[in-house]
Amino acid sequence: MSYPRPPGVPGGSNPDPSQYQGQQPNAYQQGQQPNASQYQDQQPNPYQQGQQPNPSQYQGQQPNPYQQGQQPNASQYQDQQPNPYYSQGQQPGAYQQGQQPSSYGQVAPPPPQFPSQYPPGYGAQAPVPPAAPRRGGGGALRVTFGVLGVLLLIGGGALAFHAYGNSRQTIANTAYGTVLWRDEKADAFFPDTIGGRARYDGPLTDPKHAEWRRLGISQDTACASGLTGKTRATAKTLGCEAVLRATYVDPTGNQLATVAVAVMPAGGGDAETSAKMKLGRFFEERDGKEGAVNVLPVKGTLAAKMANGARAAAQLKPVGGDSMPYLVGVTLVSADGTWAGNLPGSWGENDLDGRTDRTSWQGDADDLVDTFRAQLEDLQMGGVKQ
């Protein structure tokens, strides 16, 4: 495909007028003057009229040497590149004379390469400074400090756990132990029910685990009223202060028990020379020959006819602790009045002294004594004031 050359160029041809349909004809191509009404609001070009422009319009500007027929001063353009669009050896202004430049129709040479405006290396990433040299022993020092920090954390946690544990623990109040028999209410000292624990540190008074139920509490706290036989005489000698009693019945209704707490003089603690320890040793040496506790009948209950003569088993033991000057004693009786002793018929042929029957009763008496000893220790712990 070829393109038509403009008029005046050798080998050229006039373009097809149909290519320019819809366009206004160029008045200069036809040798006619354009319609001045099209340019009413424009200033006339003095060069088209053959007139020189008014110099006053261009004050402060350098005159154009081409308009005056002079060559420009070459010194003004020493640092400029020659215009590649003018062929060498020709004077500029060829378009004013109606001639085409010699380079017309040729591919323009590439623009000159100008030097870069930025210094070499502009935009490149700055080099990373070298790492500081590691000093000897730094790693070992950091490891040492790390280990020390871990040890401090572990020690602090253990200390906090120990402090929390100390805040939760209860410590026996030695002063309260000596007076709890006066300060505790009767219903706390002799609870309505007593028996096993639901858990190792649970109360002994949970009705769901009750083994004994209280029938009544004695209003008389005299030592002479609470003890019997030689045990009463020995307690008086050792300085007995009071004997508190209450009567209980087991769940079957077959056994009745009068529980007594003997209050001895404080002092001596668990030493063998203390009053409570001496009285306990005296009862043990009697080997079941002493009834110790005087029974407490309770009117209107199964224990209404309770009597010492129907005693089936007895026990008396000191309560441990330097601040607990107490002994717990029990007398166990059958609810129907049956005596423990020689069994009838073949059951008692080999039991000449009746100990076979008494042994089972004695075991129940021992268990009840130990239960009340634990109850007194719980009361002592409950008396701790935080």
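Please treat every number below as a calculation from the coordinates, not as lab data. Since we're looking at a predicted model, the values are computed, not measured. We place every Cβ from the backbone using ideal geometry, glycine too, and count neighbours over all the protein chains shown.
Quick notes
- Residue 334 versus residue 273: modelled label distance in nm, points set 7 Å from Cα along the beta carbon direction: 4.7 nm
- Qualifying GluC sites (Glu not before Pro) for the range 254-334 [loop in DSSP, other Cβ within 10 Å: at most 10]: 272
- Two-decimal ratio, the range 174-382, of alpha-carbon radius of gyration to 2.2 N^0.38 Å: 1.00
- Each of 203, 371, 279 was placed along the dipole of the range 174-382 (beta-carbon charges, centred on the mean Cα), and the one lying farthest toward the positive end is 279.
- Pairs with C-alpha atoms separated by more than 21 Å, drawn from the list 230/289; 236/278; 185/236, are 185/236.
- Evaluated with a Cβ-only charge set (Lys, Arg +1; Asp, Glu -1), the range 174-382 carries a dipole of roughly 600 debye about its Cα centre, given to the nearest 20.
- 3J(HN,Hα) along the range 286-302, derived from phi through the Karplus expression 6.51 cos²θ - 1.76 cosθ + 1.60 where θ = phi - 60°, amounts to 6, 6, x, 7, 10, x, 6, 8, 7, 5, 10, x, 10, 5, x, 10, 5 Hz, with x in place of Gly and Pro.
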